Each structure stands twice: as structure tokens, then as C-alpha cells.
Amino acid sequence: MVIRRALLNFALPDSCLHCHAPLLSGEPCLCPPCRSGLRLDPGLLTLTSLEDHPRTRLPMSADGPDAPATAVYAAPYDGAAATLIRALKFADRPDAAALLGSLTAKLLGMLLTRPERERALLVPLPLHRTRRRERGYDQTRLLAEEMAGTDGYRVARHLLRRIRPTRPQTRLTRPQR
């Protein structure tokens, strides 16, 4: 995979994933203007719509067992952030994990105190082996490793195992996800 990317870059120099401007040698997958536009803009998603799903158990909130669970995102899914996510997952661009991992590590740095960050353990949800073989890498593991390199988080790479292949979420409706 790395050799394939190097050969492709030699034949066709890289361009910005978002605006397609030419990149200088050694620049990450976004040009400087697009990279500078990649801003941390966190938000919360309340997961109340999953409460009625019989196969979903939401984690207990600090506000009690009946409080809705929340998920935090580092930036809205639009612009260069959405481009990076799609490139990492669907366009054979594992190099996008560096920028996304850095952004996510900054978010955790805002949400957690230093002692909490030192105790934190990142647990990537693995791909099934067939999907990992198709893609050539596991994007959640790459993100966790980038976050570990950025802010020293520990990563438990083998704590979870995907035992059966599941349908890609892009083929599911929002309630099914």
C-alpha cells in the first residue's frame, strides 16, 4: 500500500484532497489554506433516538441511568473534515488519519484534565478482517495511534475483536445506524 501510494505520487503529484490545489513535496493531504480552515468546532449529539431500539444499551450517564447518552464530535461533518473522513475510509488515504487524529486529540485535551488523559485508554473498534484486507488498513486503529502520538494516550489495540462482518453503515438508514 505504501509503495503503491509512492508510485502514484511519483507519476501524478499529490493534490489537496479538498480543493485539488497542487501540494508541495512533504505536505500532508490538505493544502495550507484548507488545513488552516480545519478548525476544532466540537458539539454534542444526544442519543435519545436509540433508547427504544431493543438491541442497543446506552451507557449509564453521570446524570443517572435514565439520562440520554451523548456522543461528542470534534468538528461538524462538512468541508475539509468530511473530505478527510471520506478519504480515510473510502479513498485509500491512510495519511488523512494524521490530521484527523490531531484534531480529535485536541478535542480530548479540552474535555479531559491532564490526570484524566493520563488514565485514558483508547480502544479502537476494529474492522472485520475481510474489510481490513480490502481496505489495507484499519482507520480506527490509525486514528487511535495518531492520538497516542499527539498527546501520549495509551491504545489497547487488541482489546476488542470484530467477530462477524457487518454491512457498511453507508448502506444503512439513519435509524438503523
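The values are calculated or read from the model by the stated rules, or taken from the named source; none is laboratory data. No experiment lies behind these values; they were computed from the predicted model shown. Methodologically, a virtual Cβ is constructed for each residue, glycine included, from the backbone with ideal geometry; neighbour enumeration extends over all protein chains shown. Each accessible area value is taken on the protein alone, full model and side chains, heavy atoms only, with ligands, DNA and RNA left out. Shrake-Rupley method; radii C 1.70, N 1.55, O 1.52, S 1.80 Å.
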Filter the stretch 30-44 down to residues that are among the hydrophobic types (A, V, I, L, M, F, W, C) and modelled with pLDDT of 90 or more and give me whichever is nearest to the chain's Cα centre (by Cα).
-> Leu30
Among (1) crowded, with 16+ Cβ neighbours inside 10 Å; (2) in contact with an Asp or Glu (Cβ under 9 Å, 6 or more places away or on another chain) - the single one Leu84 does not satisfy = (2)
Would you check which residues across the stretch 90-105 are surrounded by fewer than 17 Cβ atoms within 10 Å (Cβ to Cβ) and part of a helix (DSSP H, G or I) and list them?
-> Phe90
Output yes when any residue across the stretch 129-145 is more than 19 Å from Ala71 (Cβ to Cβ), in contact (Cβ under 8 Å) with a residue 60 or more places away in the chain and not small (Gly, Ala, Ser), and no when none is.
-> yes
Residues satisfying the stated conditions in the stretch 128-138, i.e. open to solvent by 20 Å² or more (accessible area, probe 1.4 Å) and either outside any helix (DSSP H, G or I) or within 13 Å of Gly101 (Cβ to Cβ) (or both) | Gly136
Does the stretch 154-172 include one or more residues that are open to solvent by 80 Å² or more (accessible area, probe 1.4 Å), among the charged types (D, E, K, R) and without any contact (Cβ under 8 Å) to a residue 12 or more places away in the chain?
-> yes
Would you mind stating whether Pro94 is modelled with pLDDT of 75 or more, within 23 Å of Arg141 (Cα to Cα) and touching a Gly at 6+ places or on another chain (Cβ under 9 Å)?
-> yes
Given the structure, is Met110 in contact with a strand residue (DSSP E or B) (Cβ under 7 Å, 6 or more places away or on another chain) and either open to solvent by less than 40 Å² (accessible area, probe 1.4 Å) or under 22 Å from Leu44 (Cα atoms) (or both)?
-> no
In the stretch 133-152, which residues are modelled with pLDDT of 90 or more and over 15 Å from the mean Cα position of the chain (by Cα)?
-> Arg133, Gly136
